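Trainee: One structure, pasted below without further comment.
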Amino acid sequence: SETMSARFTTRLDDVGEDCSSLVASFLNLPELLALGYTCRRLRDVSHRPSSYQYLEITFPLNTRVSVLLACLAKFPSAKVHASFNKVSQLVDVSGLGGLTTLNIAGCTGVTDVSTLGGLTDLNMNGCTGVTDVSALGALTTLYMSYCTGVTDVSSLGGLNTLNMSGCTGVTRLFSIAR
C-alpha cells in the first residue's frame, strides 16, 4: 500500500555524512566518479580522500614522475595498488612508501627500494639496477626475475611467493622451514 511504502522510504538528504562516506568506501574508482555526477552532495562525498579505501592505478609509459607522485599524494588513506610497468624515467621511488602493492617491472632506472618497507606485494621483474632488498621484510609476494644486481634475500623470510628466475647473482637465501 502507499502508506507502507512511504514509511520505509529514506531520502538521500536523511542519510548522514558518515553513512555516505561508508557506502562510498566500497566503490571502485569508476563508480566513485559516476557517483560524483549525480548531485552536489555526492560529488563532495566522492571527492573526499577517505572515500578511497582501495585504489588501483596504472600509469602510462610516458607519464612524468612528478605527475605520478602528485596523483598518489591525493589518496593518503587509501590502500593504493600502483603499476608503473616499464616507465623508463622512473628512478626515485622514495615518495611511494605509502603503497601496499607496487609494480615497477621493467623500470630499469630504479636502484633504491629501501623506502618501500610497507609494501606487501612487489613486482620488480627486470629492475637490474636494484641491489639491496633488505628493507622489504614486510613483503609476502616478490617477483624479481632478472634482477641480476640482487645478491642477498635472506631478510625476506615472510614471503609466500618468490620468483627470482634469472637472478644469477643471488648468493644468500632465507630459511624455508615452516
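The values are calculated or read from the model by the stated rules, or taken from the named source; none is laboratory data. Quick caveat: nothing in here was measured; it's all calculated off a predicted structure. Neighbour counts are summed over all protein chains in view; Cβ atoms, including those assigned to glycine, are modelled from backbone coordinates with ideal geometry. Ligands, DNA and RNA are stripped out before the accessible areas are found, and what is left, the full protein with its side chains, is counted by its heavy atoms. Shrake-Rupley method; radii C 1.70, N 1.55, O 1.52, S 1.80 Å.
For every residue, the table says whether it meets (1) farther than 30 Å from VAL130 by Cβ; (2) at pLDDT below 75; (3) not small (Gly, Ala, Ser).
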site	(1), (2), (3)
ARG7	yes, yes, yes
GLY36	yes, no, no
ASP44	yes, no, yes
ARG48	yes, yes, yes
VAL87	no, yes, yes
LEU90	no, yes, yes
CYS107	no, no, yes
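Trainee: Might you check whether a residue that is open to solvent by 20 Å² or more (accessible area, probe 1.4 Å), of a type in the set (A, V, I, L, M, F, W, C) and either touching a residue at least 12 places away in the same chain (Cβ under 8 Å) or in a loop (DSSP other than H, G, I, E, B) (or both) occurs anywhere in segment 129-139?
Mentor: Checked against the condition, which is being open to solvent by 20 Å² or more (accessible area, probe 1.4 Å), of a type in the set (A, V, I, L, M, F, W, C) and either touching a residue at least 12 places away in the same chain (Cβ under 8 Å) or in a loop (DSSP other than H, G, I, E, B) (or both), segment 129-139 yields at least one hit.
Trainee: Another question about this same structure. Quick check on segment 112-128: of everything there that is within 17 Å of ASP152 (Cβ to Cβ) and crowded, with 16+ Cβ neighbours inside 10 Å, which residue is modelled with the lowest pLDDT?
Mentor: LEU116
Trainee: Name the residues in segment 142-174 that are open to solvent by 90 Å² or more (accessible area, probe 1.4 Å) and in a loop (DSSP other than H, G, I, E, B), would you?
Mentor: If the condition is that a residue be open to solvent by 90 Å² or more (accessible area, probe 1.4 Å) and in a loop (DSSP other than H, G, I, E, B), then TYR146, ASN160, THR168, THR171, LEU173 are the ones that fit.
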